[in-house]
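Here the structure comes first, spelled out in structure tokens, and everything after it is commentary.
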Amino acid sequence: MKKNNLFSGIILVGIGCYLLLQQLGVPVFTNFYSWQTLVILVGIAFLFQAYIENNHSSILPGVILVGFGFHFHGMNQLGVWPKQPGTLLFIIGLGMLFTYFKTKNGLFHSAVLIAVSLLFLNYGRFINWLGFLEGGLSFIIDFWPLLLVGIGFYLLFIKKK
């Protein structure tokens, strides 16, 4: 019962403070009166539960919610914030990596997600790098995602532990 009290208590305190600041119209926080802040508050509640009560299954949703909240805040507030979907994959990969640090399980999965997200975030540079293949191997530029599909099928059907 105590675990539910901690999570619920943090949610109620966070949302109550959010609504109070909004009601009072505190000008310092006007950029934070949005749904993204509520998502961050729920993520923080998950992270508190994860680290205070050693409930490691709450790390991943906590990091994802906090990360997504900050990501969408950044997209709305900062012009230089990356808007590619690779950012969301990167946040999920980080969440899995933080979970790995506590559970020692899932390092490969988090590394794959982070690598794919970095590929998405740097897609233009990657394609330019493949440009040296102009000649007879230029089809690689168009069909390199098949390499990812092939590796995925290999991991699903061929490689058995």
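In sequence order, region 54-69 has phi-based couplings of 6, 9, 5, 6, 8, 5, 4, x, x, 5, 4, 5, 5, x, 5, x Hz under the Karplus curve 6.51 cos²θ - 1.76 cosθ + 1.60, θ = phi - 60°, and Gly or Pro positions carry x.
Each residue of region 17-23 is assigned a 3J(HN,Hα), and the resulting list reads 5, 4, 5, 5, 4, 5, 5 Hz, derived from the Karplus form 6.51 cos²θ - 1.76 cosθ + 1.60 (θ = phi - 60°), x at Gly and Pro.
No value in this document is a laboratory result; all are computed from the given coordinates. Source: prediction; values computed, not measured.
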